[in-house]
Amino acid sequence: MRLKVVTAGKSRGIGDGLTYESDDQVAMGTPVKVPLRRSIVEGIVLGIHEAKEAEEFDVKRIQNILCEKPLLNEAQMKTLHWMADYYCCSLRACLSVWLPPPPWSKLLPRKKIVYQLVAEKAVHGKKQRAIVEFLKDRERASSSEVQTETGASGTALKSLVKAGVVREITLPESEERQRPPSFNAPILTHDQMTAAEAIWNDRRPSLLFGITGSGKTEVYADLIVRTLRRGKRAILLVPEILLTENSIERFEKLLDRSHIAVLHSRRPAGERVREWRRIHEGHVWLVIGSRSALFAPVTDLGLVIIDEEHEWTYKNEQMPRYHARETAETLARFAEAKLLLGTATPSIESWSRAKEGRYHTARLEKRYLDQPLPDVSIVDLGTVKFGSLYPFSPPLLEAIEERLKRGEQSVLFLNRRGSATALLCLDCRRRVVSPVSQLPFTVHTDRSGKPFLMDHLSGVQAPLPEHCPHCSSSNLFAVGAGTQKIESILGKVFPSARVLRADSDTLTSPEQMRLLLKKMREGQADILLGTQSVVKGLDLPNVTLAAVLLADVGLSLPHFRAGERVFQLLTQLTGRSGRAKPGQVIIQTFRPEAEEVKRAARHEVEEFLDQEWKLRLHMQYPPAVSMIRFILRGNNARLRGEALKLHIEELSRKKGQEIVMTSSPMLMAPGAYHVLVRGFHKDSNEIQAEKYGAIVDVDPIECF
Ligand code: ADP
Ligand code: ZN
């Protein structure tokens, strides 16, 4: 048979594998050794086909099969091929997310070697006698058992083997199916039980649309139990590495830690290989991790859960540029596993699929124990006279003070980037935009501390204007505030308050996150000040105030998903407060009239989603139409981009497809250029992106 093998070597141009010949039957996913130029290298079988008769070139034979058991099973192999096709990337690039880096021989299952007494000859030496005595009482024992029980060395054992006293036996890897471990099933409320039943009984992917604090995690736990009962295993994806700690604690109550694997990219390579083997050998029943945990070598996969499915972190921004939700849907289909997407604010993608019936929907409309949702108030920052306390408004300061008096806790959300961003007119509420790129100017300060405007796209700089270019008002304001400034204001106003800071500077490992959570739970802190990505998913019972200092995160970036993003953030915010006792939420914003702000404050999730979905349909944006982005870097990025654009234009004309195409320098990557195409049905062979040196980004998330 003919095999397509992707080799461990890094040579360019063979990313989709080389053809080899084999006399033996070989399954997809099998690790092999093959000749490549003058050496023998490792490879993985990624394709099998019958030999064609009239093949001219002489096909080399594989050297040997490294292990009969494939490293990836059939469903995983099919998903890998789907990824290469859908995301327009090489098989090698896809393989890199499914397997740890080579050498792959370190992934092979270990064979178990045991020792057995064959003849009771007289032996010399105390140590050897001890071994014989020990083995007399049992059928066989491993080398380490012998050594720990007798104190003898491995050499003593080997010499007994040589003398014919002891026999060494290599046991085949146990084929016997491991039995599911015992668990502590959760006790669900009536609503949760109804949701879990419905999810379990529907074969489609399920969207669990449950408000914050409704106990989605309990439903996950219940479905994991149902999966175990069927002898199957589960994967749980969480959006942020730091949040894995949160989940582990919960799931350690469900299952013994020895049956759980926690995967994320910050773990050292050696540990990752060890975890990979533990999973592959079947010791693990629940894998928890960030997006790449989807590629864990789980056999008998019965359930994939994606928590907070709307999060942007599920998109990989490197090759292969996959989305974990789409990929999970494919894997679940091939593995005949259940897919469950949980969220309080479904992505428009999932919402539209639920509406169209492609996804099943289950709802949790009440918080656990009927805890009411918190009261939300909006503070219009445009009308506040701040003085030196910007961005703290008087109502927010009052609310914090009240928590301090009552011994309750506050959580304050910060923007991802804390520094000043746009220049805003407080009268017409519009931003000052660059005449060159039409994008909002960013406010910077020069060395002497004097502010100026900068257009990051074109590099154009401008002095701070005295009047608004739209309405001539002189009421202009630089929006934004840094973390340090906020900390120092808190220190001044509430000198005795204990403030914890949680951002990617102060938190670098899940252990630090665990410590921080512990401090909050044990009441060793009063105020948690954190960037959104870090404090979003927290479940802290004593928090009764949650506030966002500046809700306008999308303010300086033009993006068709900006409204959705702000809405998700604000809904997450309302989810942090009042989980166990009545709570309050404060949204500080310069755009109190914005749809996403008003709807979030009124907890009108469905209304927002319906409206946003209609808008996307009307404007022809994803998910109403498909979108592909081509990224060009290096020399002549713009020229190559424009040439590619012409090529696509011609292709679409030939096919009679109506497309919308835009191109621009990339805001976040100086020197890079990108082309965005909407409504184009891609066929990677036709586009020939490599010819233009372009990277293909299918269903892009970041597109500015
Ligand atoms: P969500 O993920 O939907 O925001 P959680 O799963 O974090 O909500 O649940 C909110 C809180 O309510 C948690 O502290 C959780 O322990 C508690 N809770 C929810 N359902 C149950 C249940 N059935 N039994 C015990 N506690 C529950
Ligand atoms: Zn104005």
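The values are calculated or read from the model by the stated rules, or taken from the named source; none is laboratory data. Small disclaimer: the values here were computed from a predicted structure and weren't measured. Quick reminder, even Gly has a Cβ in these numbers, built from the backbone with ideal geometry, and neighbours come from all protein chains shown. The accessibility values were calculated without ligands, DNA or RNA, using every heavy atom of the protein model including side chains. Shrake-Rupley method; radii C 1.70, N 1.55, O 1.52, S 1.80 Å.
For the subset of the stretch 355-380 comprising residues that are aliphatic (A, V, I, L, M) and open to solvent by 20 Å² or more (accessible area, probe 1.4 Å), which member is farthest from Leu208 (Cα to Cα)? Steps first, please.
The first filter runs over the stretch 355-380 and keeps only residues aliphatic (A, V, I, L, M), leaving 362, 364, 369, 373, 376, 378-379.
Then keep just the ones that are open to solvent by 20 Å² or more (accessible area, probe 1.4 Å); that gives 369, 373, 376, 378.
Values: Leu369: 19, Leu373: 18, Val376: 24, Ile378: 29 Å.
Looking at the filtered set, the residue picked out is Ile378.
Restricting the stretch 41-90 to residues that are in a loop (DSSP other than H, G, I, E, B) and among the small types (Gly, Ala, Ser), which is modelled with the lowest pLDDT?
So, considering only residues that are in a loop (DSSP other than H, G, I, E, B) and among the small types (Gly, Ala, Ser), the one modelled with the lowest pLDDT is Ala54.
Give just the number: which of (1) open to solvent by less than 20 Å² (accessible area, probe 1.4 Å); (2) under 16 Å from the mean Cα position of the chain (by Cα); (3) free of Cβ contacts under 8 Å to residues at least 24 places away in the same chain does Ile306 not satisfy?
Single failed check for Ile306: (3).
Residues in the stretch 93-103: is at least one farther than 30 Å from Ala689 by Cβ and either open to solvent by less than 50 Å² (accessible area, probe 1.4 Å) or in a loop (DSSP other than H, G, I, E, B) (or both)?
yes
Would you pick out the residues in the stretch 489-509 that are over 21 Å from Gln532 (Cβ atoms) and either in a helix (DSSP H, G or I) or charged (D, E, K, R) (or both)?
Here is the first cut: in the stretch 489-509, the ones over 21 Å from Gln532 (Cβ atoms) are 491-498.
Residues satisfying the conditions are Gly491, Lys492, Val493, Arg498.
Of the residues Lys216, Lys232, which single one is touching a strand residue (DSSP E or B) at 6+ places or on another chain (Cβ under 7 Å), within 12 Å of ligand 1 (Cβ to nearest atom) and not hydrophobic (A, V, I, L, M, F, W, C)?
On the way: Lys232 fails: within 12 Å of ligand 1 (Cβ to nearest atom).
Going through Lys216, Lys232 in turn, the sole match is Lys216.
Keeping to the stretch 219-233, report how many residues are open to solvent by 10 Å² or more (accessible area, probe 1.4 Å) and in a helix (DSSP H, G or I).
3
When residues of the stretch 679-704 are filtered for being over 25 Å from the mean Cα position of the chain (by Cα) and either surrounded by fewer than 18 Cβ atoms within 10 Å (Cβ to Cβ) or closer than 11 Å to Ile628 by Cα (or both), how many remain?
Residues in the stretch 679-704 being over 25 Å from the mean Cα position of the chain (by Cα) and either surrounded by fewer than 18 Cβ atoms within 10 Å (Cβ to Cβ) or closer than 11 Å to Ile628 by Cα (or both): 12 in total.
May I ask you to list pairs of residues, at least six apart or on different chains, whose Cβ atoms are under 8 Å apart, with the first in the stretch 177-196 being under 14 Å from Arg230 (Cβ atoms) and the second being of a type in the set (Lys, Arg)?
Close Cβ pairs satisfying both conditions: Pro180/Arg229.
Mind listing just one residue for me: the one in the stretch 654-669 that is assigned to a loop (DSSP other than H, G, I, E, B) and free of Cβ contacts under 8 Å to residues at least 40 places away in the same chain and, of those, surrounded by the fewest Cβ atoms within 10 Å (Cβ to Cβ)?
Going through the qualifying residues, I end up with Gly656.
Show me the helices (runs of 4 or more DSSP H) found entirely inside the stretch 141-216 where at least 3 residues are away from ligand 2 (no atom under 16 Å from the Cβ) and under 31 Å from the mean Cα position of the chain (by Cα).
So the answer is 190-201.
Here are some residues: Glu336, Glu349. Which one is open to solvent by 10 Å² or more (accessible area, probe 1.4 Å) and closer than 26 Å to Tyr621 by Cα? Walk me through it before giving the result.
Values: Glu336 fails: closer than 26 Å to Tyr621 by Cα.
Only one candidate qualifies: Glu349.
Among the listed residues Leu651, Leu676, which satisfies the condition of being open to solvent by less than 40 Å² (accessible area, probe 1.4 Å) and in a helix (DSSP H, G or I)? Reasoning before the result, please.
Working: Leu676 fails: in a helix (DSSP H, G or I).
Sole residue among the options that is open to solvent by less than 40 Å² (accessible area, probe 1.4 Å) and in a helix (DSSP H, G or I): Leu651.
Which condition number in (1) of a type outside the set (Phe, Trp, Tyr); (2) under 30 Å from Asn475 (Cα atoms); (3) modelled with pLDDT of 95 or more is the one that Leu569 fails?
Of (1) of a type outside the set (Phe, Trp, Tyr); (2) under 30 Å from Asn475 (Cα atoms); (3) modelled with pLDDT of 95 or more, only one is false for Leu569: (3).
Report yes if some residue within the stretch 286-296 is touching a helix residue (DSSP H, G or I) at 6+ places or on another chain (Cβ under 8 Å), under 21 Å from Leu207 (Cβ atoms), open to solvent by less than 20 Å² (accessible area, probe 1.4 Å) and not in a helix (DSSP H, G or I); otherwise report no.
yes
Do any residues in the stretch 198-226 that are farther than 19 Å from Gln371 by Cβ and of a type in the set (Asp, Glu) have Cβ atoms under 7 Å from those of residues that are assigned to a helix (DSSP H, G or I) and within 13 Å of ligand 1 (Cβ to nearest atom), where the two are at least six apart or on different chains, and which pairs are they?
Note: pairs meeting the criteria are Asp222/Ala196.
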